[in-house]
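Trainee: Got a structure for you, questions after.
The values are calculated or read from the model by the stated rules, or taken from the named source; none is laboratory data. Given the structure is predicted, the values throughout are model-derived calculations rather than measurements. Backbone-built Cβ (ideal geometry, glycine too); neighbour counts: all protein chains shown. Ligands, DNA and RNA are excluded from the accessible area calculation, which covers all protein heavy atoms including side chains. Shrake-Rupley method; radii C 1.70, N 1.55, O 1.52, S 1.80 Å.
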Amino acid sequence: MAAARSLGKPGELVGRYLEQLPFVPTKAQARAMREIDRDLAKDVPMQRLLQGDVGSGKTAVAVYALLRAVEHDGQGALMAPTETLATQHLLGISALCEPLGVRVTQLVNGMPARERRAALGVIESGEPQLVVGTHALIQDAVVFGGLEVAVVDEQHRFGVEQRRALEEKARADGRAPHVLHMTATPIPRTLALTVYGDLDVSVLDELPPGRTPVITRLVPRARRDEVFARMRRLLDEGRQAYVVCPLVAESPAAEATAAESEAARLAAGELSGYQIAVLHGQMPPADRRPVMERFRRGEVQVLVATTVIEVGVDVSNAVLMVIEEADRFGLAQLHQLRGRVGRGAHESYCVLLADPATDDAAARLEAMVRTTDGFELAEVDLELRGEGTLLAARQSGVPDLRHARISRDRRLAITARREAQRHLDADPELSSPASQLMAFEARRLFGADIDWLTRA
């Protein structure tokens with residue numbers, strides 16, 4: 001395994017960063033920063049998973065890690081799965097870092113050629129800076145002059161190969177970057193230990209001050225008119241709202257059409273006279289950006305959208321979300337969507353419009369009403385769906401468990417991980433006869449499914 005550069009102890013730059021934050025970090029954030037500091041002090045590449053609920057302050061911790069690279073004359077890069085999320089990060093990180101004199105460069109697909117060439121030039125120069133982008137960061141044309149810390153946001157949306165490609169960007173000089181993986185989709189700790197057994201895990205399990213819990217209600221479709229009457233009252237008070245259109249299994253194109261049709265219907269009906277815009281994944285990024293900017297500025301009162309708003313949309317004045325046919329959505333996705341409201345000081349609401357037809361659908365929606373704790377919801381999801389489906393949704397490229405059932409065998413999973421770590425400590429090269437026998441048996445039982453584990 002390639003060695004990383006030791007970044008030593010925290011310096012003056014991150015000290016100023018913490019002082020200028022508009023809030024005092026929570027105990028959980030401070031704990032995660034200390035854990036990252038311990039990792040960065042070593043020449044073994046950090047491989048840490050930072051998981052935290054919606055609004056728990058993961059970005060503040062990620063920026064701390066990235067600035068640790070800059071204060072040691074290195075570069076930090078954050079890779080996000082969508083341009084919407086990358087743009088949101090760019091705005092937030094720039095606001096935090098530019099007062100510190102730290103340059104923030106964006107690299108996404110669809111940039112004008114001149115801007116792209118300029119961005120590629122400064123990245124290759126090795127100038128200490130932060131780089132924020134999408135999959136564009138792992139294209140062949142991108143050469144980092146001094147990548148020391150990489151952050152992969154919503155990491156379960158990237159395949160194993162994509163994440164590895166970002167890590168490889170730092171290896172031109174034979175060194176590996178320190179890597180922080182982030183997810184806002186909480187998963188049960190036992191499942192995290194099993195799926196991400198090669199990662200250390202930091203958990204943000206408390207919300208920063210000022211965040212108000214979202215009130216969630218399950219409302220039958222027959223009472224739809226009451227819901228939109230409530231929305232009109234909030235809009236008249238100067239607030240904003242989302243309407244999320246149902247998932248359409250056939251195709252994203254059909255989903256986009258449904259969103260456009262719903263926006264037109266609302267504009268002619270329940271929300272006549274209000275400023276409405278539509279946002280869906282079939283729109284080119286160049287068309288999506290001005291819609292989001294108008295919503296952020298308050299020029300659009302209601303955003304009718306598909307799940308493209310699941311992550312990366314942060315408008316504190318938006319206080320109501322109505323999710324149409326909510327029984328069509330998975331629990332993790334509902335929780336992510338709900339996280340778009342409750343981001344300011346105003347009381348916020350999430351309305352699940354649905355008439356659940358199955359026991360599982362009813363259990364999902366009842367759990368959403370009962371709690372806003374993403375970790376508790378993850379446990380419910382595990383019980384309802386089983387870890388095989390959860391793994392497929394969380395992590396492209398990771399095989400499902402074949403024999404164990406985490407919901408049944410949690411203690412066994414923890415014991416197995418502890419024993420595996422003890423064996424690795426005693427035989428790190430896996431050269432002993434016992435290790436060779438275990439490798440043979442693993443291959444016999446799981447075949448190509450474990451190839452992803454054996455790559456350097």
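Trainee: Return the FRET efficiency for the residue pair Ser316, Ala426: r is the Cβ-Cβ distance, R0 is 41 Å, and the value is rounded to the nearest 0.05.
Mentor: 0.20
Trainee: Over region 237-348, with the other protein chains present, what is the accessible area per residue in square angstrom, probe 1.4 angstrom?
Mentor: Per-residue value: 37 Å².
Trainee: Another question, then. Would region 1-63 count as rounded, prolate or oblate if I go by the C-alpha gyration tensor, calling it rounded below 1.5 in a/c and otherwise prolate when a/b exceeds b/c, oblate otherwise?
Mentor: Oblate shape, in that a/c is at least 1.5 and b/c is the bigger or equal ratio.
Trainee: How much accessible area per residue does region 1-69 have, in Å², with a 1.4 Å probe?
Mentor: I get 41 Å² per residue for region 1-69.
Trainee: Compute the distance in nm between two label points, each set 7 Å from the Cα along the Cα-to-Cβ direction, one at Glu168 and one at Ala253.
Mentor: 3.3
Trainee: Figure the gain on full extension for Arg370 and Asp200 (residue separation times 0.36 nm, minus the Cα-Cα span) and round it to one decimal in nm.
Mentor: Taking Arg370 through Asp200 to full extension adds about 58.1 nm, to one decimal.
Trainee: A further question on this structure: Applying 1/(1 + (r/R0)^6) with R0 = 30 Å to the Cβ-Cβ distance of Arg411 and Ala2, what FRET efficiency is obtained, to the nearest 0.05?
Mentor: 0.25
Trainee: Additional query: Going by average Cβ neighbours within 10 Å, how do the peptides 215-223, 30-38 rank, with the highest at the top?
Mentor: 30-38, 215-223
Trainee: Another question, then. If you rank Asp327, Asp200 by how much accessible surface each has, with a 1.4 Å probe, what is the order from largest down?
Mentor: Descending accessible area places them as Asp200, Asp327.
Trainee: Once you order the gyration tensor axes a ≥ b ≥ c over the Cα atoms, which shape class does region 283-325 get: rounded for a/c under 1.5, otherwise prolate or oblate by comparing a/b with b/c?
Mentor: oblate
Trainee: If you stretched the chain out fully between Ala439 and Lys9, how much longer would it get, using 0.36 nm times the residue separation minus the C-alpha to C-alpha distance?
Mentor: Full extension of this stretch gives 151.0 nm more.
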